[in-house]
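What follows is a single structure, written as structure tokens, with notes after it.
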Amino acid sequence: MEKLAIIKTKIKILLEMIQFKLTVFALPFAFTGALLASRGVPDVHVIFWILLAMVGARTCAMGFNRIVDRKFDGANPRTAARALPAGDIRLREAWAMVFLSGALFFLACYNLNQLTLLLAPFALGLTLFYSLTKRFTSFCHLILGVALAFSPLGGWVAVQGSMLGYPFVLSLGVIFWVAGFDTIYACLDADFDRQTNLYSLPSRLGKRNAFRVASFFHLLAFVFFTLTGYQAGLNVFYYIGIILAAGALLYQHMLVKPEDLSRIRASFFSMNGFISVTLFVATWLSLATLR
């Protein structure tokens, strides 16, 4: 019983370390891609393997991020209490989680179709590569966006086994949506990044200019999300979702200012989760009422 309790505690710490609950950011976009590919709800087995693929990919990527950034996290007062620098999790335990979740991702892709499996190394590799990019480029936020833009594409390919007909404007929307909120979130570490010679837009441009860039990214994102509805032939329900999501994004920018980042966690976690889920539900309702 004691060993079981220790294992449960370790799993809980690992899940908290990778912020497992934030899988909600990318998962709805994967399912949105699947909905568009099937013009409705996909088969249950496809949904199941997409879910496992997304959980595996994100867990692997976040675990890798915590491993390679552990020294920076330990030196940064904001992140010093994270599991690895604090010693709550051993390095080999974190690596075990990375390898097991990576294996889960490839297993899920194998059980979907051949093209999904062929794309898997590129999708996961780019996601892992992102964790290293802040060491040498301020484009790190856009690289994260490109990595997460594989989510809707992956959902489409999981259903169709092909990229033919895929609305690539959806992935463009994801790129700039992610780059925008990641730029805002990076403002929390702007001073630390500057002192340690890490590259991020806030550390290079300053917080105020970084917010301006983030606003531009988000404007582009919603242009592309709107074009997705047009390209996919969606109806008014989708555009209602666009309006609701845009309102949430506007509220996010009103809630957090360069000189006051105290409410950034509410903005980052609540609003972005709301946006991705809203666009998924809007797509589903649109497709359901087109029949």
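The values are calculated or read from the model by the stated rules, or taken from the named source; none is laboratory data. Note that the structure is a prediction, hence the values are computed from the model and not measured. Positions of Cβ are backbone-derived with ideal geometry, glycine not excepted, and every protein chain shown enters the neighbour counts.
Before moving on, here are some points about what is shown:
- Each residue in segment 257-268 was checked for being buried (at least 16 other Cβ atoms within 10 Å of the Cβ) and under 20 Å from the mean Cα position of the chain (by Cα), and 3 pass.
- Only one entry of Phe224, Phe274 meets the criterion of being in contact (Cβ under 8 Å) with a residue 24 or more places away in the chain, among the aromatic types (Phe, Trp, Tyr) and either part of a loop (DSSP other than H, G, I, E, B) or closer than 17 Å to Phe25 by Cα (or both), and that entry is Phe274.
- Here Leu170 passes the criteria (1) of a type outside the set (Ser, Thr, Tyr); (2) closer than 23 Å to Leu132 by Cα; (3) in contact (Cβ under 8 Å) with a residue 60 or more places away in the chain except the one numbered (2).
- Among the residues making up segment 245-283, those that are at pLDDT 85 or above, aromatic (Phe, Trp, Tyr) and farther than 15 Å from Thr226 by Cα are Tyr251, Phe274.
- Boolean, Tyr239 is surrounded by fewer than 21 Cβ atoms within 10 Å (Cβ to Cβ), among the hydroxyl-bearing types (Ser, Thr, Tyr), at pLDDT 95 or above and at negative phi: yes
- Criterion: hydrophobic (A, V, I, L, M, F, W, C), crowded, with 18+ Cβ neighbours inside 10 Å, touching a Lys or Arg at 6+ places or on another chain (Cβ under 7 Å) and closer than 18 Å to Ile143 by Cβ - qualifying residue of Leu287, Leu188, Leu198: Leu198
- Residue within segment 205-221 that is small (Gly, Ala, Ser), without any contact (Cβ under 8 Å) to a residue 40 or more places away in the chain, part of a helix (DSSP H, G or I) and surrounded by 23 or more Cβ atoms within 10 Å (Cβ to Cβ) present: yes
- Here Val159 clears all of (1) of a type in the set (A, V, I, L, M, F, W, C); (2) touching a residue at least 24 places away in the same chain (Cβ under 8 Å); (3) closer than 28 Å to Leu205 by Cα except the condition numbered (3).
- Qualifying residue in segment 130-147 (condition: within 18 Å of the chain's Cα centre (by Cα) and surrounded by fewer than 17 Cβ atoms within 10 Å (Cβ to Cβ)): yes
- Restricting attention to segment 41-74, the residues that are in contact (Cβ under 8 Å) with a residue 60 or more places away in the chain and hydroxyl-bearing (Ser, Thr, Tyr) add up to 0.
- Any hit, segment 111-122, residues being within 17 Å of the chain's Cα centre (by Cα) and buried (at least 17 other Cβ atoms within 10 Å of the Cβ): yes
- Residues in segment 242-256 that are over 21 Å from Phe211 (Cβ atoms) and surrounded by fewer than 18 Cβ atoms within 10 Å (Cβ to Cβ): 2 in all.
- Within segment 69-100, restricting attention to residues that are small (Gly, Ala, Ser) and under 23 Å from Leu124 (Cα atoms), the residue that is surrounded by the fewest Cβ atoms within 10 Å (Cβ to Cβ) is Ala96.
- Breaking point among (1) surrounded by 15 or more Cβ atoms within 10 Å (Cβ to Cβ); (2) without any contact (Cβ under 8 Å) to a residue 60 or more places away in the chain; (3) under 17 Å from the mean Cα position of the chain (by Cα), for Leu279: (2)
- Qualifying position, being part of a helix (DSSP H, G or I), in contact with a helix residue (DSSP H, G or I) (Cβ under 7 Å, 6 or more places away or on another chain), under 23 Å from Phe274 (Cα atoms) and without any contact (Cβ under 8 Å) to a residue 24 or more places away in the chain, among Ile143, Ile175: Ile143
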